[in-house]
Amino acid sequence: MWRWLALAVVVIGVVVFGFSLIDSSAGTDVTASAEFMGMTGDSSGFARAIDPWDWQFPQDFGAHPDYQTEWWYYTGNVQDSAGRHFGYQFTIFRRAILPDAAQTDSEWRTGQVYMAHFAVSDVDGSRYFHQQRFSRGGAGLAGAEADPRYRVWLEDWQVIAEDADARLTTITADGGDFAVDLRLEQIKPPALQGQDGLSPKSAEPGNASYYYTLSRLLTSGTIRVGQETFTVSGATWKDHEFSTSALGLNAQGWDWFGLQLDDNRELMLGQIRLVDGGREPAFGGLLVETDGSTRYLPAESFTFEVTNTWTSPHTGAVYPAGWTIRIDLGNPAPLLLTLTPLLADQELHGSGGIDYWEGAVKISGDATGYGYAELTGYAQAMTGRF
């Protein structure tokens, strides 16, 4: 969902190992680590998400550099033949430093910074692995493109299409103690979030993103944890958003859920939690039917009840650790779902920026399945950060 907020906080003043933003063609030595300068919250000069977007796929799988922030987000639940369960998250973020990058002959100079988060949950082994990387958009170190084929990458972590339409893609990433090599097959059309893909985050015009989802990607391949490699299969969820916007000053954080039901439907449900304990009414959810058709769910059509909590030993934050979700789909009875984390500790922490919980969950109740949850604003408030 709004994962770019973590990027915006982390990259301001971050030291990125590798190459500086200076133009090395001028004869200046390029240091092994250099601080990004000019990375501020100023969004002037960038395009904003106001009018409907003319979606064109697979072109829109690539980058949209007129907008300040963009990310490609994949989460999945997979199992091996013995039923051993794994969750994974792989996200690449793009953040523009300036709206108009200076023209130069140097391949090192760039106006874009990239960050990647990679995590694996070994449910049966009760282990959670996570890692992050930073790089610049120059010299081929990181980037996103749709021509000649869809590819988004940060060094050797990448998603790359196997065909021109990007209906088949592979994800490869190696974090040392853990790795994935997965093949994804698109079986439903892109689901446009919000109103035809324009997803508001508040009532303020332009405080929105362009947002689509590939809600069910059939997944197969391998996951390695430690010295063990497992052949797995299951399903992956993809989100792709681009925008120039920020949360309002009264936003505490958000709860987001991408749910894949066993009856071949999917649900995106989320809420922005406000400082006063209320909920931002502008942001709703989406139901994806078995045939790929979609139905927008306004915020008032679903509610969350927290049924359990977990206290992080890393940050001291107290997170929700179980939910009952009530969804009004216009039927005589609401759809009642219970969500349970597959591991208590799936917190991405120690990044020096925003600590947050993002992990695999099991669905029970009126429908069954698996999904992912993302929880922010519990370790550090979002208030006043932008």
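Details
- Residue check for Glu266: buried (at least 16 other Cβ atoms within 10 Å of the Cβ), touching a Lys or Arg at 6+ places or on another chain (Cβ under 9 Å), at pLDDT below 95 and not hydrophobic (A, V, I, L, M, F, W, C): no
- In the range 333-354, the residues that are crowded, with 16+ Cβ neighbours inside 10 Å, in a strand (DSSP E or B) and hydroxyl-bearing (Ser, Thr, Tyr): Thr338
- Residues being surrounded by fewer than 18 Cβ atoms within 10 Å (Cβ to Cβ) and of a type in the set (Asp, Glu) - total across the range 54-74: 2
- Arg127 vs. criteria farther than 25 Å from Gly87 by Cβ, over 16 Å from the mean Cα position of the chain (by Cα) and modelled with pLDDT of 95 or more: no
- Among residues of the range 325-355, those that are touching an Asp or Glu at 6+ places or on another chain (Cβ under 8 Å), touching a residue at least 60 places away in the same chain (Cβ under 8 Å) and under 19 Å from Val288 (Cα atoms), counted: 2
- Qualifying residue in the range 109-119 (condition: of a type outside the set (Asp, Glu), at pLDDT 95 or above, in a strand (DSSP E or B) and over 16 Å from the mean Cα position of the chain (by Cα)): no
- Condition check for Asp147: exposed (fewer than 15 other Cβ atoms within 10 Å of the Cβ) and either under 30 Å from Arg295 (Cβ atoms) or free of Cβ contacts under 8 Å to residues at least 40 places away in the same chain (or both): no
- Count of the range 268-289 residues, restricted to those that are part of a strand (DSSP E or B) and under 17 Å from Gln186 (Cα atoms), is 1.
- The residue that is nearest to the chain's Cα centre (by Cα), among those in the range 213-243 that are hydroxyl-bearing (Ser, Thr, Tyr) and surrounded by fewer than 23 Cβ atoms within 10 Å (Cβ to Cβ), is Thr219.
- For the range 355-386, residues that are surrounded by 16 or more Cβ atoms within 10 Å (Cβ to Cβ), in a strand (DSSP E or B) and either at pLDDT 95 or above or charged (D, E, K, R) (or both) total 14.
- For the range 183-209, a residue qualifies if it is within 26 Å of Ala173 (Cβ to Cβ) and hydroxyl-bearing (Ser, Thr, Tyr), and exactly one does: Ser209.
- Of the residues making up the range 290-324, those that are touching a residue at least 12 places away in the same chain (Cβ under 8 Å), in a strand (DSSP E or B), surrounded by fewer than 17 Cβ atoms within 10 Å (Cβ to Cβ) and polar (S, T, N, Q) are Thr303, Thr309, Thr324.
The values are calculated or read from the model by the stated rules, or taken from the named source; none is laboratory data. Because the structure is a prediction, the values reported are computed rather than measured. Here Cβ is always computed from backbone atoms with ideal geometry, including for glycine, and neighbour counts include all displayed protein chains.
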